[in-house]
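One structure below.
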Amino acid sequence: MRYLPLFFDLSKGPVILVGAGAEARAKLRILQAAGAAIRWHVLSRDDANNAYAKDVELRIGLPGADDFLGAVALVASAGRDIDEELAARSRAMNVPVNIVDRPDLSTFIFPSIVDRGDVVVAIGTGGASPVLARRLRETIEQLLPERIGEFAALMGRYRDRLHALRHRGFSTRQFWERVIDGPIGTLFLAGRSARAEAALILAIERAGLDAPKQGHVQIVGAGPGDPDLLTLKALHALQSADIVFTDDLVSPDILSRVRRDAEIVHVGKRKGQPGIGQEAINRRLVAEAKAGRKVVRLKGGDPFIFGRGGEEREALEEEGIAVTVVPGITAALGCAAEAGLPLTFRKEATRLSIVTANTAEGAEKIDWSGLTDRATTVAVYMGLTTASAVRDGLVAAGRDPRTPVAVLARGTRPDSHAITGTLSHLPALAAAAGQGPALIVVGDVVAHSRAWKEAVGHLEAAE
Ligand code: SAH
């Protein structure tokens, strides 16, 4: 380690800034963001006329000996000779100094910064590669939950109150760990700050009464298959889980992103195979949360689209367990994007219906009457094995049998496959889809898709 990162309290005195060029101005912005009282020295009247900055004490000419007294730091980019002299003077006066791009003259350097209010991350490469530092900063930006700074501020506001309650055998450290890792943290980071704060107040009131610890459940959408289509929130959930209950639909690529030490339980309900049953899943989710674990219920696509996320959420809430839902990219959106198939299109397709062909009464009983209009795109989930009933139902209700259709199999996965044709041929197209999940899209928009255009190209070439 060549440099030790330290956090300066810039409210303790003025920061002297010297120079009027782009480098000096960049430093001005950083210092202002950190709330510094800045004394900005520029070297000419012209520079002064161009130095627009709010809440800054502007001076013309170099800082004199008096100016150094009490200054927290000096930052300069004013030309070689002046910089060298300023650095020497600062050192003589024991004022920390940074000369822009001159580590040899500086006693400190500026790190790359991730700024989330009270949470600040400093990244340095010892000056070796600012580009690498910037890359690392981008990575950390993505990893940190958006509201982490506000969350830190919330805990800061209640620190004293908890401290006052300190008594023998009560660990404030464990208390804050439970807040951060438990339902309060999850709720706050999910944007439900009022509820999180209420729960925190309650927890502080109960602190030391040995309140039983309770876990929480996050019902998380895993998207259609490609792990890059996970949301950042879903990734955070996977990386902090103690136990993950997953459906068969979730791809191995996604499960590989789960925290290493977490337990993974497959509770999938494959078509034709029973799985462990919804009741049993609900019971296990409740039991794990009550045992204080961080539970993730992982579902393909979005949990609230044919995912039974609604039922699970209600069952958990009835048991008084904190639940949050993390949305996922549903199959229709993932598959359509991959196939270059716009689900709506100006003037042509003004409505999108998401329907399931797997109803309790059977596919033959589905009411297709509202879906026959040309401007309606129909995305049919779970329709592969009942494709003839889907076609028969739609045509009988009045949809044109020449309507373009697509069967999008294993969308966004490495072995995805798109087949297009017309509604009258849907059963044959479905039969060619192969194993795995597939989505049927019915509507004129299919003619815009890549697979359709390629098929037309082949026909024209054959003619
Ligand atoms: N909650 C999921 C849907 C679960 S129902 C979601 O929002 O996507 C299961 C059906 O979803 C499958 O029968 C299939 O029609 C569709 N499906 C899920 N993943 C898919 C994929 N990768 N490619 C095509 N269809 C998919």
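List the pairs whose first member sits in segment 119-148 and is hydroxyl-bearing (S, T, Y), whose second member is open to solvent by 60 Å² or more (accessible area, probe 1.4 Å), and whose Cβ atoms are under 6 Å apart, counting only residues at least 6 apart or on separate chains?
T125/L132
What pairs can you find where one residue is in segment 443-463 and outside any helix (DSSP H, G or I), the other is β-branched (V, I, T) and modelled with pLDDT of 90 or more, and their Cβ atoms are less than 6 Å apart, with a gap of 6+ or different chains?
G443/T377
Where residues in segment 358-375 are away from the ligand (no atom under 16 Å from the Cβ) and assigned to a helix (DSSP H, G or I), which of them is surrounded by the most Cβ atoms within 10 Å (Cβ to Cβ)?
Top of the filtered list is L371.
Just to be sure I understand, how many residues within segment 246-270 are closer than 16 Å to G328 by Cα, away from the ligand (no atom under 12 Å from the Cβ) and either open to solvent by less than 10 Å² (accessible area, probe 1.4 Å) or among the hydroxyl-bearing types (S, T, Y) (or both)?
Final tally of qualifying residues: 1.
From the list V378, V407, V355, which residue is β-branched (V, I, T), open to solvent by less than 60 Å² (accessible area, probe 1.4 Å), closer than 30 Å to P252 by Cα and in contact with a Lys or Arg (Cβ under 9 Å, 6 or more places away or on another chain)? Steps first, answer last, please.
Working: V407 fails: in contact with a Lys or Arg (Cβ under 9 Å, 6 or more places away or on another chain); V355 fails: in contact with a Lys or Arg (Cβ under 9 Å, 6 or more places away or on another chain).
Among V378, V407, V355, only V378 is β-branched (V, I, T), open to solvent by less than 60 Å² (accessible area, probe 1.4 Å), closer than 30 Å to P252 by Cα and in contact with a Lys or Arg (Cβ under 9 Å, 6 or more places away or on another chain).
Counting only residues that are more than 16 Å from the ligand (Cβ to nearest atom) and in a strand (DSSP E or B), how many does segment 280-328 have? Don't jump to the end; show me each part of the working.
In the first step, residues of segment 280-328 are kept if they are more than 16 Å from the ligand (Cβ to nearest atom); the result is 280, 282-295, 314-324.
Those left that are additionally in a strand (DSSP E or B): 294-295, 322-324.
Residues in segment 280-328 being more than 16 Å from the ligand (Cβ to nearest atom) and in a strand (DSSP E or B): 5 in total.
Per-residue answers, yes or no, for (1) in contact with a strand residue (DSSP E or B) (Cβ under 6 Å, 6 or more places away or on another chain); (2) surrounded by 13 or more Cβ atoms within 10 Å (Cβ to Cβ); (3) under 30 Å from E205 (Cα atoms):
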| site | (1), (2), (3) |
| --- | --- |
| R89 | no, yes, no |
| S106 | yes, yes, no |
| V114 | yes, yes, no |
| G126 | no, no, no |
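Do we have any residue at all in segment 389-406 that's within 16 Å of the ligand (Cβ to nearest atom), part of a loop (DSSP other than H, G, I, E, B) and in the same structural domain as E338 (by TED's automatic domain parsing)?
Scanning segment 389-406, I find no residue that is within 16 Å of the ligand (Cβ to nearest atom), part of a loop (DSSP other than H, G, I, E, B) and in the same structural domain as E338 (by TED's automatic domain parsing), so the answer is no.
Residues that are more than 22 Å from A22 (Cα to Cα), at least 2 per element: which strands (runs of 3 or more DSSP E) completely within segment 86-166 meet that?
Values: elements: 97-99, 112-116, 119-123.
By residue number, 119-123.
Within the set of pairs 6+ apart or on separate chains, which have a first residue in segment 411-432 that is more than 12 Å from the ligand (Cβ to nearest atom), a second that is among the polar types (S, T, N, Q), and C-beta atoms under 6 Å apart?
These pairs meet every condition: L423/T403; P427/S388.
L333 - would you say it is over 21 Å from H448 (Cβ atoms), within 14 Å of the ligand (Cβ to nearest atom) and open to solvent by 20 Å² or more (accessible area, probe 1.4 Å)?
no
Name every residue in segment 339-350 that is out of contact with any Lys or Arg (no Cβ under 9 Å at 6 or more places or on another chain) and either aliphatic (A, V, I, L, M) or within 14 Å of the ligand (Cβ to nearest atom) (or both), in order of residue number.
Within segment 339-350, the subset out of contact with any Lys or Arg (no Cβ under 9 Å at 6 or more places or on another chain) is 342-343, 345-347, 350.
Of everything in segment 339-350, just one residue is out of contact with any Lys or Arg (no Cβ under 9 Å at 6 or more places or on another chain) and either aliphatic (A, V, I, L, M) or within 14 Å of the ligand (Cβ to nearest atom) (or both), namely L343.
Among the candidates I243, I219, which residue alone is more than 15 Å from the ligand (Cβ to nearest atom), under 30 Å from A198 (Cβ atoms) and open to solvent by less than 10 Å² (accessible area, probe 1.4 Å)?
On the way: I219 fails: more than 15 Å from the ligand (Cβ to nearest atom).
That would be I243, the only listed residue that is more than 15 Å from the ligand (Cβ to nearest atom), under 30 Å from A198 (Cβ atoms) and open to solvent by less than 10 Å² (accessible area, probe 1.4 Å).
Check segment 383-403 and report whether any residue there is surrounded by fewer than 19 Cβ atoms within 10 Å (Cβ to Cβ), within 29 Å of the chain's Cα centre (by Cα) and at pLDDT 95 or above.
Within segment 383-403, none of the residues are surrounded by fewer than 19 Cβ atoms within 10 Å (Cβ to Cβ), within 29 Å of the chain's Cα centre (by Cα) and at pLDDT 95 or above.
What residue, among those in segment 173-182 that are at pLDDT below 90 and open to solvent by less than 30 Å² (accessible area, probe 1.4 Å), is nearest to L232 (Cα to Cα)?
Checking each candidate, the answer is G182.
In segment 414-441, which residues are buried (at least 18 other Cβ atoms within 10 Å of the Cβ) and under 32 Å from the mean Cα position of the chain (by Cα)?
S416, A418, P437, A438, L439, I440, V441
Considering (1) over 41 Å from the mean Cα position of the chain (by Cα); (2) loosely packed, with under 14 Cβ neighbours inside 10 Å, say which one D55 fails and leave the rest.
Of everything listed in (1) over 41 Å from the mean Cα position of the chain (by Cα); (2) loosely packed, with under 14 Cβ neighbours inside 10 Å, D55 misses just condition (1).
The values are calculated or read from the model by the stated rules, or taken from the named source; none is laboratory data. What you are looking at is a predicted structure, and each value in this text was computed from that prediction instead of being measured. Note: ideal-geometry Cβ built from the backbone for every residue, glycine included; neighbour counts use all protein chains shown. Ligands, DNA and RNA are excluded from the accessible area calculation, which covers all protein heavy atoms including side chains. Shrake-Rupley method; radii C 1.70, N 1.55, O 1.52, S 1.80 Å.
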